[in-house]
Amino acid sequence: MFDSIIIGAGVAGCVAARELAEAGRKVLVLEQREHIGGNCYDEPDKHGILIHKYGPHIFHTKEQKAYDYLSRFTDWYAFGHEVVANVHGTLIPVPFNLNTLHMVYDQEKADALEKKLVEAFGMETRVPILKLREHEDEEIRQIADYVYENIFLHYTMKQWGQTPEDIDPAVTGRVPVLISYDNRYFQEPYQGMPLDGYTRMFEKMLNHPNITVETGVDARTRLTFETEQVLLDGESFKGEVVYTGPLDELFGCCFGRLPYRSLRFDFEYMPQDDFQGHSVVNYTVSEEFTRITEFKYLTGQKAAGTTIVREYPFAYTGADGEIPYYAIANDENHELYGKYRTLVEKIPNVYLLGRLAEYKYYNIDAMVMKALELTDKIK
Ligand code: FAD
Ligand code: UDP
């Protein structure tokens, strides 16, 4: 009855389903949550404020192809996302940039340091904090120490339970020091929000006569992954199976659980117009939560009250109700992941796609690109 099965209805699964459906295949999408959209899912809360249930998601890309693809299913609320850090009660722009420099140092010192930074790296450049800390110039190293101590160290300890040196440098590299007066968090040309929300965008993507979606279904209750084949409801299934969930769970975590960081989201509604005047405030030197998002500033929604969310990171244990959000990139974990990958590679019609299945950090745009690449290969 079905030519292809997609497990998981996040970005990866939705794009893959649409592509295979448009190529003429009958596609079954199985999603264990009660809704589609994966971690990008948004919905109005009981006060009518559009919230992102799994944390703030801002679309940003330099890839015209990813932007054009999603634009088939949504219009955009275009805005340049800005983040500030609360450092002992003062709000400063993050990533640390030349505006931040002038807030932190007096004018004469800031002018001199700016000249030095521009001479060392050039204007409009991005310097990872760990590189800046190794710079030969002592004054530049002092700026690096300020940024490290006030922006990275405590936030990273909360988010990862490890210091910036002990995690994959690519992670802190996502938020470099910017030799620029650009206060935006991302510098890519396309950025913003799906005008009617992410969920609506994914609903449109899955709305195709060749696609059947079943939510509230753990695929492991329908599919069995054997040594060289997949069974659907006990019968051998020869079509493509695209899996976007955690790889260890396909095999009962037989080699041990893949480690992840998880998050608890604490939402709070307030019957007031404004809470913090910013979409996102990072708490980089204090508090147990990492950041507070105020949704109306993210989505542009006009509403009388306001809803915020605080994010509390913790180590994922696999307990019921916990969600694995961030793969922890290091040699040991990649080796464990490799063992599971070897098992799946023996099944010729199973493809791994997505943040969980590939045990890799992907932004939305990169996920779209990867899903298009995989489905092109399958087609
Ligand atoms: P997911 O969204 O996790 O989807 C996987 C789906 O598979 C889930 O719905 C899950 O329920 C389902 N599933 C798993 N196992 C099974 C099973 N056995 N049976 C059935 N279904 C199953 N990216 C950006 O570009 N911009 C941002 O601002 C941004 N912010 C983020 C903030 C947070 C807090 C997090 C965690 C991520 C953020 N991301 C952001 C990244 C973005 O969430 C990912 O790129 C995207 O969600 C990846 O999509 P995916 O389909 O791989 O995974
Ligand atoms: N980071 C930090 N302080 C900040 C912002 C980011 O230390 O104010 C570090 C932290 O380690 C974080 C990483 O940079 O995990 C990447 O930040 P990003 O905002 O990309 O994280 P995500 O969107 O994945 O939560």
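Points worth noting:
- Considering the range 100-122, the residues that are more than 15 Å from Asp137 (Cβ to Cβ) and among the β-branched types (Val, Ile, Thr) include one that is farthest from the chain's Cα centre (by Cα), namely Val104.
- The residue list Tyr54, Tyr69 contains one member that is within 8 Å of ligand 1 (Cβ to nearest atom) and either under 21 Å from Asn207 (Cα atoms) or outside any strand (DSSP E or B) (or both), which is Tyr54.
- For the range 349-379, the set of residues classified as assigned to a loop (DSSP other than H, G, I, E, B) and either open to solvent by less than 20 Å² (accessible area, probe 1.4 Å) or of a type in the set (S, T, N, Q) (or both) consists of Asn349, Leu353, Gly354, Ala357, Tyr359, Asn363, listed by residue number.
- Restricting the first member to the range 161-174 and to residues that are within 14 Å of Tyr260 (Cα to Cα), and the second to residues that are open to solvent by less than 40 Å² (accessible area, probe 1.4 Å), the beta-carbon pairs closer than 6 Å and six or more apart or on different chains are Ile167/Trp160; Asp168/Ala329.
Here is a yes/no grid of residues against (1) within 8 Å of ligand 2 (Cβ to nearest atom); (2) on the phi > 0 side of the Ramachandran plot; (3) of a type outside the set (A, V, I, L, M, F, W, C):
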{"residue": "Gln142", "(1), (2), (3)": "no, no, yes"}
{"residue": "Phe152", "(1), (2), (3)": "yes, no, no"}
{"residue": "Gln159", "(1), (2), (3)": "yes, no, yes"}
{"residue": "Gln162", "(1), (2), (3)": "no, no, yes"}
{"residue": "Asp166", "(1), (2), (3)": "no, no, yes"}
{"residue": "Pro169", "(1), (2), (3)": "no, no, yes"}
{"residue": "Val177", "(1), (2), (3)": "no, no, no"}
{"residue": "Asn183", "(1), (2), (3)": "no, no, yes"}
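- Considering residues of the range 334-348 that are open to solvent by 20 Å² or more (accessible area, probe 1.4 Å) and in a loop (DSSP other than H, G, I, E, B) only, the residue nearest to Ser236 (Cα to Cα): Pro348
- Boolean, Glu34 is open to solvent by 10 Å² or more (accessible area, probe 1.4 Å), closer than 23 Å to Asp365 by Cα and touching a residue at least 40 places away in the same chain (Cβ under 8 Å): no
- Residue count for the range 16-65, restricted to those that are among the basic types (Lys, Arg), touching a Ser or Thr at 6+ places or on another chain (Cβ under 8 Å) and within 17 Å of Pro209 (Cβ to Cβ): 2
- Test: residue in the range 204-212 that is within 13 Å of ligand 2 (Cβ to nearest atom) and in a helix (DSSP H, G or I): no
Residue-by-condition table, conditions (1) more than 16 Å from ligand 1 (Cβ to nearest atom); (2) more than 26 Å from Leu195 (Cβ to Cβ):
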residue	(1), (2)
Gln276	yes, no
Asn282	no, yes
Val285	yes, yes
Gln301	yes, no
Ala304	yes, no
Arg310	no, yes
Gly321	no, yes
Ile328	no, yes
Asp331	yes, yes
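The values are calculated or read from the model by the stated rules, or taken from the named source; none is laboratory data. Being a predicted model, the structure only gives us computed values, none of them experimental. Cβ sites come from the backbone with ideal geometry, for glycine too, and all protein chains shown count toward neighbours. Quick note on the areas: whole protein, heavy atoms, side chains included, nothing else; ligands and nucleic acids left out. Shrake-Rupley method; radii C 1.70, N 1.55, O 1.52, S 1.80 Å.
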